[in-house]
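Right, one structure below, let's go through it.
The values are calculated or read from the model by the stated rules, or taken from the named source; none is laboratory data. Small disclaimer: the values here were computed from a predicted structure and weren't measured. Cβ coordinates were reconstructed from backbone atoms using ideal geometry, including for glycine residues, and neighbour counts include every protein chain displayed.
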Amino acid sequence: MFTRLLITALSVTAISGVAYAQDIPARAGTVAAEQSGALTPVKKEVDKEDIAKKLANPIANMISVPLQYEFSRGVGLNQGGSEQTLLFQPVMPFNLGGGDTFIVRPIVAGVRETSIEYAPGRSYSGYGIASVTLESFYAPNTNSSWIWGIGPYAQSPSGNSGKFGSQQTGAGVTAVVLNRHGPWTYGLLGYQSWNVGGNPAFGTQNNLFGEPFLAYTTHDAWTYSANMEATYNYDTRRTSNPLYAGVSKLMVIDGVPLSIGAGPIYYVSNTPGGPSGWGARATATLVILK
């Protein structure tokens, strides 16, 4: 009896040892594959050209976080001051189903002013928040290269002292229509704003804005663009009309798309005390992929 149990135990041990010996090469192969990266999931390659084209489209179904720096000269009554503006303007699309989207774009403007003459012999230098703007667009699926969007518009003076723009609150409607044709993106964005309250001493919100834009994107994600941002104020009956031309490059850093761009600005016309002559603009846009 004892002999039979001993033989059985030795047989089980031998079989286990054989199975373990056969398992070692398999597990060793798995470890080697893991170390070589063969079993690591392959990351989807980012289409830089497609993302660059979408950045040229203000109502693209893509989350982006642009920062825009602008330097302007010829500001103030004597046109001897300068102004630096930093815009934070994230783009947040919401899918409504069937290809329709609703895009929300809040814009916060910070301003730094230097030697701005606001009265004869009196000037101001300082910085603060100029305004908080909310643009929104309902963009239906058109099944076409032509797309459009429309929605409510609002702007708040955010409690500024009047040194950085109007102290009035504005409300209205904003709209855009554009076409995407191969490497080209072109269209017109605009809004109509009406004053709904506030102090008119530092300017009003009775404005009509129009921005024709044109962009060309290459296969290696360079984008050459131009736009004209014309703002007509009904009360002063004057138009501020800066013309911008620039170039940007879409890069991918550790899987995160980032666009960097810059270019000159020239004010074809300006409102009293507003920027005039030459200026410059630089942008940095972070794209958040879904």
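Among the residues of the range 97-120, those identified as touching a residue at least 40 places away in the same chain (Cβ under 8 Å), surrounded by fewer than 18 Cβ atoms within 10 Å (Cβ to Cβ) and farther than 21 Å from Ser161 by Cα are Gly98, Gly99, Asp100, Phe102. Counting just the residues of the range 123-141 that are touching an Asp or Glu at 6+ places or on another chain (Cβ under 9 Å) and assigned to a strand (DSSP E or B), which one comes out nearest to Asp100 (Cα to Cα)? The qualifying residue nearest to Asp100 (Cα to Cα) is Ala139. Would you call Arg238 charged (D, E, K, R), under 30 Å from Ala52 (Cβ atoms) and in contact with a strand residue (DSSP E or B) (Cβ under 9 Å, 6 or more places away or on another chain)? Considered against the rule, which asks whether it is charged (D, E, K, R), under 30 Å from Ala52 (Cβ atoms) and in contact with a strand residue (DSSP E or B) (Cβ under 9 Å, 6 or more places away or on another chain), Arg238 comes out as no. Exactly one residue among Asn179, Asn95 is touching a Gly at 6+ places or on another chain (Cβ under 8 Å) and in the same structural domain as Gly273 (by TED's automatic domain parsing), and that residue is Asn179. Answer yes if at least one residue in the range 176-185 is within 22 Å of Ala282 (Cα to Cα), touching a residue at least 60 places away in the same chain (Cβ under 8 Å), in contact with a helix residue (DSSP H, G or I) (Cβ under 6 Å, 6 or more places away or on another chain) and not charged (D, E, K, R), and no otherwise. No, the conditions are met nowhere in the range 176-185.
Take the conditions over 21 Å from Ala226 (Cα atoms), modelled with pLDDT of 50 or more, part of a helix (DSSP H, G or I) and not aliphatic (A, V, I, L, M) and apply them to Gln35. Does it pass? Yes: the conditions hold for Gln35.
Condition (residue is touching a residue at least 12 places away in the same chain (Cβ under 8 Å) and under 12 Å from Ala56 (Cα atoms)) applied to the range 234-241: is it met by at least one residue?
no
Scanning the range 266-290 for residues that are closer than 20 Å to Pro58 by Cα and not charged (D, E, K, R) yields Ala282, Thr283, Ala284, Thr285, Leu286, Val287, Ile288, Leu289. Only residues that are surrounded by fewer than 16 Cβ atoms within 10 Å (Cβ to Cβ) and either within 30 Å of Gly76 (Cβ to Cβ) or aliphatic (A, V, I, L, M) (or both): list them for the range 215-226, please. Once the filter is applied, which keeps residues that are surrounded by fewer than 16 Cβ atoms within 10 Å (Cβ to Cβ) and either within 30 Å of Gly76 (Cβ to Cβ) or aliphatic (A, V, I, L, M) (or both), the range 215-226 yields only Ala226.
The single residue among Glu49, Glu70 that is at pLDDT 90 or above, of a type in the set (Asp, Glu) and not in a helix (DSSP H, G or I) turns out to be Glu70. Screening the range 264-290 for residues that are assigned to a loop (DSSP other than H, G, I, E, B) and on the phi < 0 side of the Ramachandran plot and picking the one that is farthest from the chain's Cα centre (by Cα) gives Pro272. Looking at the range 86-93, is at least one residue among the polar types (S, T, N, Q) and over 12 Å from the mean Cα position of the chain (by Cα)? The answer is no; no qualifying residue exists. Out of Gly149, Gly159, Gly126, one residue alone is modelled with pLDDT of 90 or more, exposed (fewer than 13 other Cβ atoms within 10 Å of the Cβ), in the same structural domain as Phe202 (by TED's automatic domain parsing) and farther than 14 Å from Gln205 by Cβ. It is Gly126. Of the strands (runs of 3 or more DSSP E) lying entirely inside the range 142-227, not one contains at least 3 residues that are hydroxyl-bearing (Ser, Thr, Tyr) and over 20 Å from Ser240 (Cβ atoms).
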